Amino acid sequence: MIYSLMSGFVRWRKVLALSLLLLITQAIQVSAQVGGLIIAGVRSATMGAIATSGDLVSLGKGNYQLVDQSWHPAKMWLQGLEGGLQAQEEGSRQKRLFSLDEVQAVATVIDTFRVMRNFADPKKPDVKVPACFVKQVYNRGGYLLASYSWTTMNTPEWDGDGLLLSHGKQVITVPVKRKEFEQVMLSLFGDHPDLAKQLKAGALRAKQTKQIVAVYVNWKQQNH
């Protein structure tokens, strides 16, 4: 009799445990489904906002420079390469929108973007770009080399297509074709004996522009 009662009690506990396990499992599944819907909804809303805001790209925290040369710490977003800059300064809940006429540069932990003005589109030489954010590749000795086109914000195209070289107020589109590239480089750096020799021999290409400029700037600073 006692054995029968104990056996029934054990079976009842197993049934109860299984029932509770099923209830918990169902609750977790429902919660996951609801959570998934919420997450998907937020993602869709975010992507929609980005799509309708001129390719808004978050740069995270950094500093932006105005045309008066002053720097300001902020959390930043690029509103398209030719749109403008959204900045939320430290301690503020408000975002400010700056046009390209107001901004000079943007510096993040990894990269620096500058506003370059009045240059020929590297892919469409007949098209004039009034102002655009470009990714800084080299900046020293008065020479600024930048990438105008890139696959993502952190991946410049290093095939020579879309490189801009600025010296003073002059902005030069670095040619991709060999003969045109050599002519432009010789006109700029032809007084460097070794560079002139290599350029005339056809040993240098557009993708080596950064190295060419760096060698020239170092030579100038050491000898002048």
Residues that are open to solvent by 40 Å² or more (accessible area, probe 1.4 Å), assigned to a loop (DSSP other than H, G, I, E, B), in contact (Cβ under 8 Å) with a residue 24 or more places away in the chain and not acidic (Asp, Glu), drawn from the stretch 66-95: Val67, Gln69, Leu81, Gly83
Some residue of the stretch 134-145 being open to solvent by 20 Å² or more (accessible area, probe 1.4 Å), aromatic (Phe, Trp, Tyr), within 28 Å of Tyr216 (Cα to Cα) and at pLDDT below 90: no
Selection status of Ser44, assigned to a helix (DSSP H, G or I) and either open to solvent by 50 Å² or more (accessible area, probe 1.4 Å) or at pLDDT 90 or above (or both): yes
Hey, Asn139 within 17 Å of the chain's Cα centre (by Cα) and polar (S, T, N, Q) or not: no
Neighbours by Cβ (under 6 Å, 6+ apart or cross-chain): first from the stretch 96-110, open to solvent by less than 80 Å² (accessible area, probe 1.4 Å); second polar (S, T, N, Q): Gln104/Gln65; Ala105/Gln65; Ala107/Asn63
Test: residue in the stretch 185-197 that is closer than 27 Å to Cys132 by Cα, of a type outside the set (A, V, I, L, M), open to solvent by 60 Å² or more (accessible area, probe 1.4 Å) and not in a helix (DSSP H, G or I): no
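The values are calculated or read from the model by the stated rules, or taken from the named source; none is laboratory data. Computed from a predicted model, the values in this text were never measured in an experiment. Note that we place each Cβ from the backbone using ideal geometry, even for glycine, and neighbour counts take in every protein chain shown. Just so you know, the surface numbers come from the protein's heavy atoms only, side chains and all, with ligands and any DNA or RNA stripped out. Shrake-Rupley method; radii C 1.70, N 1.55, O 1.52, S 1.80 Å.
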